[in-house]
Structure formats: structure tokens, C-alpha cells
Amino acid sequence: MSIQNPVFIPGPTNIPESLRKACDMPTIDHRSSLFAEILPPVLAGVKRVLKTETGEAIIFPGSGTGGWEAALSNTLSPGDKVLAADFGMFSRKWIDMCRRHGLEVQVVEAPWGAALPVGEFAAILAADTEHQIRAVLGTHNETATGVRSDIGGLRAAMDAAGHPALLFVDGVSSIASMDFRMDDWGVDVAITGSQKGFMLPAGLAVVGVSRKAIAAMETARLPRFYFDFRDMLAMNPASGYPYTPVVGLLNGLKAAIAMIEAEGLDAVFARHHHIAEGVREAVRAWGLPFCATAPESYSDTVTAIVMPEGIDGNAFVAHAEKRYGVSYGAGLGAVAGKVFRIGHLGQLTETQALAGIATAEMAMADLGIGIAPGSGVAAAQLFYRSSPVLAQRV
Ligand code: PLP
């Protein structure tokens, strides 16, 4: 492949050149002092990104899905009750995983496009006076619908109910791109993967665990081995990693954290918001609805756009890829065919976002969708030109 456009899928993201080089390293002995130069700074850096001082970072070979499984299997026992909402493909899949682990899931159905229903969770938790619910699941950023949920509000609801359940948060498409506060929000297990905000290839499940989750692990009876927190937390120079680590990706993660911190975590969040606002201006100019129904829940990493009646969003995605070599996110699950998604996370600039908007316009025009070519680009340009200048070379 000699010519490669940026991708506009909501992860894996485009990989900055320096991170690709950091992953590409000769074999080192993962029981040597060389590995000690990689792993400890990575764990400390992940804790800073998650904003936890009291918790621990654990990194498994895997991806976000492995992180989900680690959260469940390390803290819960067969038959335990968990509370979750079905409001998008990823929250739905996590529910499926719970069931396959023999957990009892109380599911709150919410419209796909709405945020996690904190009010309903609050009522359920308040009514659960015997504290049967052992864990509450929250998808911070539902990548299928482009919806961000209020995890701080969820924690407040749990506290108001005086409920001791563990709080697990899927931050797969938010962590390192949008504000995430593990300690402030009382998150017991926070989950992401290497291929989203950290801008790396897929291959790592990045997990933050609270003291409460670590305590729960002692009595949890779900089987686990590869994803056992205990082996990871017991790691020391003598015992080493419990199995062969993905050294190149861990070295990449060290470089990614340095890159994020050089820009500044808040500046990274501000850049994502800025790029996202430009994309949203373009969508408004096209006259197409957002899948996300409430402006306060618009995601800064992915925008899901509802296609006009009779137009298959997945046909649009296929056409854009075939004709222009540009990838957008397809609609998933209940919104398959109804939406397409523009991913805008990772190291994206205004210029790249404009290219993604312009190409989407061409592909939509090809399919006879009645948008004025250039309208979205013009709206995004206006927004970017009139907004404070952000770093363009990060
Ligand atoms: N959760 C969310 C919100 C996601 O967006 C994804 C993947 O896109 C996952 C979980 C699954 O993560 P992975 O594909 O890394 O296993």
C-alpha cells in the first residue's frame, strides 16, 4: 500500500509516525533491566491519564473487550447482579458478556442516541435497599451513537442512594481524548484499549482498578487466568510479567503518554472538542440529524449522522472507501444502515478534519443525497477560522 489516506473511523486511529517507530523495536528480554525502563513509566503514565492516584494501572495484551472481561471476572461471582443500560452496540455487547459469564443483568433499555439513563439508574439503586446489585456498568462514550454519558452524575446517584456497588466504566473511546476522572468519579474499573486515544495499533487492554476493586478480587469466584489482576499486581522485578508481554506496544504506549503530556491533557481534550465542533457545524450545514439526541451528550471523538430516508449508511461507507479510499464508521446494531459515523479522535488536525468532511460530501453527492457540495466544508472552515488557534503540529 503506497498511498494511504487518513481514516475517519472511531478507532483504530491514525498512528503518528513517532509512535509507529516506537512500537517497531528489536526484541529485548522482557525479564531484563531494559523492560524495567518501559513498564513502570507506562503504568505511572496511565494512572496520570486516568486521573487516579489511589488506584493501579494494569495492562493486558488484548483490547477493550478484554478489559471488560477483566473487570467482570476479577470482581464478581456467578449469579451476581449487575445494572446496565442498553443504549448502543457497545453497551449491548457488554451486557451479552455479563450474561455469558453467568451474571444476572438488570437491563435498562434506553433509546439509541440517548445518554445513559442516570435518573432511572438512581431510582433502581435507591430501591435496591438490600444491595443486591454488585456492580453498575457505564459506557462513557457510546461509539455506536456518538453519545457521551455523565459518569460524574452516575457516581452522584450511587452516592445519593448510599449504594456500595462497584462502578465499571467503559472509556474505550473517551480515555485520553475526553476528560476522564477515575478518582473523582469513584470509578472502580476503568477500561480502554491502545488503539483509540492512545493512537497506537490495537493490542493492549488498558485498565485502571480502584482499591475497592482490588479488595473485591479476593472473594470473586468467576474463573480467570490470563486476565487475573492478582498476577499483574504481584508483579515485581523477580517475578516479571506473568507471561510474554507485547513489548513493542508497551514502548509505543510510553511514547504516546509522553506525546499526550507534551501537548497537555487538557489541550488534548480541547483539541478534540474543537475538531468535533467543526465536524458538527458541517453536519448542521448538511441538514442531517445527529444520532445523539441531546447536545450536552455530543461526543468529541465520534459523530454519528443519520442518513436521509431510503439511503443506506453502510452503502455510503462502502462507496467512500471504494471510490475515494477514505474510511468512515458504519452503523452498528440497531442503527446499522441508518447512520454513518465520522471518527475524530487521536492526532487529528483541522486540515485533516476538513478533508474528511469534503470527502464525505463527494460520496454523498455521488449517491444522490441532496446536500450542497462544499456546504459542510464552508461551515467547518468558518468555525475553525473564527476559533482560537490550536496547536497544528502536535
Ligand atoms: N467499548 C467501546 C465504547 C468501543 O468503542 C469499543 C470498540 O470500538 C469496544 C468497547 C470494544 O473494544 P475493542 O474493539 O478494543 O475490543
Across the stretch 112-124, in residue order, what do the Karplus-derived ³J(HN,Hα) couplings come to in whole Hz, using 6.51 cos²θ - 1.76 cosθ + 1.60 with θ = phi - 60° and x for Gly and Pro? 6, x, 8, 7, 3, x, 4, x, 5, 4, 4, 5, 5
Helix 265-286 axis, angle to the chain major axis (alpha carbon atoms, nearest 10°): 40
According to the Cα gyration tensor, what semi-axes, each the square root of 5 times an eigenvalue, does the equivalent ellipsoid of the stretch 17-262 have, listed from largest to smallest in whole Å? 31, 20, 15
Here, trypsin sites (Lys or Arg not before Pro) of the stretch 294-394 satisfying both criteria (DSSP loop; at most 12 other Cβ within 10 Å) are ARG393
Arrange VAL107, VAL335 by Cβ neighbour counts within 10 Å, fewest through most, would you? VAL107, VAL335
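When every alpha-carbon pair in the stretch 71-120 is counted, what percent end up more than 18 Å apart?
Summing the P(r) tail past 18 Å for the stretch 71-120 gives 30 percent.
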Nearest-5 percent of antiparallel DSSP beta bridges in the chain? 55
Quick one: what are the phi-derived ³J(HN,Hα) couplings along the stretch 217-232, Karplus 6.51/-1.76/1.60 with θ = phi - 60°, whole Hz, x for glycine and proline? 5, 5, 10, 5, 10, 5, x, 7, 9, 4, 9, 6, 4, 4, 5, 5
Report the calculated FRET efficiency for ARG284 and SER239 (r = Cβ-Cβ distance, R0 = 41 Å), to the nearest 0.05. 0.15
When the helices in the chain are scored as -39500 (n - 2.57) per DSSP H run of 4 or longer and the sum is shared across all residues, what 222 nm value do you end up with, to the nearest 500 deg cm²/dmol? -12500 deg cm²/dmol
ASP96 versus ALA262, label points 7 Å from Cα toward the beta carbon: distance in nm? 4.0
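If packing is taken as the mean number of other Cβ atoms within 10 Å per residue, what is the order of 203-211, 347-355, highest first?
203-211, 347-355
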For the peptides 32-44, 272-284, what is the packing order when you average, over each peptide's residues, the other Cβ atoms within 10 Å and list the highest mean first? 272-284, 32-44
Charge-dipole axis of the chain as Lys and Arg at +1 and Asp and Glu at -1 on Cβ define it, positive-most pick from ILE9, ILE124, LEU154: ILE9
What lysines could a cross-link reach from LYS338, if we take a straight Cα to Cα line under 20 Å and drop same-chain neighbours fewer than 8 places away? LYS93, LYS322
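Read the figures in this text as sums done on the coordinates, not as results from a lab. Nothing here was measured: the structure is a model prediction, and the numbers come from that model. For neighbour counting, all protein chains shown are included, and Cβ atoms are generated from backbone atoms with ideal geometry for every residue, glycine included.
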